[in-house]
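Here is the structure we will look at, set down as structure tokens.
The values are calculated or read from the model by the stated rules, or taken from the named source; none is laboratory data. Just so it is clear, the model here is predicted, and its values are computed rather than measured. Here Cβ is always computed from backbone atoms with ideal geometry, including for glycine, and neighbour counts include all displayed protein chains. Accessible surface is based on the protein model in full, side chains and every heavy atom, while ligands, DNA and RNA are left aside. Shrake-Rupley method; radii C 1.70, N 1.55, O 1.52, S 1.80 Å.
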Amino acid sequence: MGTFSLFDVRVTVERIEGRSVCGLAVGDYFEVTESSRLRIPPGRHFCMFALSAIFPLLSVRQRKLAADDWLEQETLVACPDPDERVIMRIERIGERTLRTEDVT
């Protein structure tokens, strides 16, 4: 077995264009590190419906893509609740090398 690289990512609430009934505020965030570890700061939460909008894109942002791939360039995701319009940014915060045998 070999090794591969993945990025750790942070998802941050960038703005709220509606009303936040789920309790999120600008600046709230969570991180995904070491391939699959979800970290939310102590005493904070993250709305499961906002998470549902982000989850399909996390594995994409953890990998290098072609520079002209739209998924490489797009970093904003909207919560699916139209009244809230929570806009979140996915950013890479570090790269790590993992051993295939440790994660499969």
**Q.** Single residue of VAL11, VAL21, VAL32, VAL26 found to be open to solvent by 40 Å² or more (accessible area, probe 1.4 Å) and modelled with pLDDT of 95 or more
**A.** VAL26
Q. What residue, among those in the stretch 3-47 that are among the hydroxyl-bearing types (Ser, Thr, Tyr) and touching a residue at least 24 places away in the same chain (Cβ under 8 Å), is farthest from ASP81 (Cα to Cα)?
A. THR3
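Each row is one residue, and each column tells you yes or no for (1) in contact with a strand residue (DSSP E or B) (Cβ under 7 Å, 6 or more places away or on another chain); (2) outside any strand (DSSP E or B); (3) closer than 28 Å to THR97 by Cα.
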| site | (1), (2), (3) |
| --- | --- |
| VAL9 | yes, no, yes |
| GLY43 | no, yes, no |
| LEU57 | yes, yes, yes |
| VAL60 | no, yes, yes |
| ALA66 | no, yes, yes |
Q.
Between GLU95, GLU101, GLU84, which is more than 13 Å from the chain's Cα centre (by Cα) and assigned to a helix (DSSP H, G or I)?
A. GLU101
Q.
Pairs please, first residue from the stretch 48-66 and of a type in the set (Gly, Ala, Ser), second anywhere and at pLDDT below 90 and open to solvent by less than 40 Å² (accessible area, probe 1.4 Å), Cβ atoms under 8 Å, 6+ apart in sequence or on different chains.
A. ALA50/CYS22
Q.
For the stretch 77-104, give me each residue that is under 16 Å from GLU14 (Cα atoms) and either of a type in the set (Ser, Thr, Tyr) or in contact with a helix residue (DSSP H, G or I) (Cβ under 7 Å, 6 or more places away or on another chain) (or both).
A. VAL77, ALA78, CYS79, PRO80, ASP81, VAL86, MET88, ILE90, ARG92
Q. Pick from the stretch 45-104 the residues that are among the aromatic types (Phe, Trp, Tyr) and open to solvent by 90 Å² or more (accessible area, probe 1.4 Å): which of them is nearest to SER35 (Cα to Cα)?
A. PHE55
